[in-house]
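The values are calculated or read from the model by the stated rules, or taken from the named source; none is laboratory data. These figures come from a predicted structure and were not determined experimentally. Note that each Cβ is placed from the backbone with ideal geometry, even for glycine, and that neighbours are counted across all protein chains shown. Keep in mind that these areas ignore ligands, DNA and RNA; they rest on the heavy atoms of the full protein, side chains included. Shrake-Rupley method; radii C 1.70, N 1.55, O 1.52, S 1.80 Å.
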Amino acid sequence: MKDYHINIFYSEEDKGYIADIPDLKYCCAFGLTPEEALLEVIIAKSAWLEAAMAESKPIPNPKYRPAIYQAS
């Protein structure tokens, strides 16, 4: 099984990095570094999946893939 795509970006407003998983609604995390945000979103993903299973909610398959930009 393929894993979920993770976006990591800097937030000027929050003065840190945000990591999110587009396929898992509202699954995101904050970190002062990209690495910290990644570690935190992995924890959030685990909690998200655990909560969905506990409540018998559907778990989406990984689908999101970012567009690939190629300079011409």
Filter result for Lys25 (out of contact with any helix residue (DSSP H, G or I) (no Cβ under 6 Å at 6 or more places or on another chain), open to solvent by 60 Å² or more (accessible area, probe 1.4 Å) and at positive phi)
no
Select from the stretch 1-22 the residues that are closer than 15 Å to Tyr64 by Cβ and in a strand (DSSP E or B) and write down the one among them that is most open to solvent (accessible area, probe 1.4 Å).
Phe9
Filter pass, Ala19 being out of contact with any helix residue (DSSP H, G or I) (no Cβ under 7 Å at 6 or more places or on another chain) and at pLDDT 95 or above
no
Quick check on the stretch 28-50. Is at least one of its residues in a loop (DSSP other than H, G, I, E, B), touching a Phe, Trp or Tyr at 6+ places or on another chain (Cβ under 6 Å), of a type outside the set (Lys, Arg) and closer than 13 Å to Ile6 by Cβ?
no
Can you run down the residue pairs with Cβ atoms below 8 Å, 6 or more apart or on separate chains, where the first is in the stretch 30-50 and open to solvent by 70 Å² or more (accessible area, probe 1.4 Å) and the partner is part of a helix (DSSP H, G or I)?
Phe30/Ala37; Phe30/Glu40
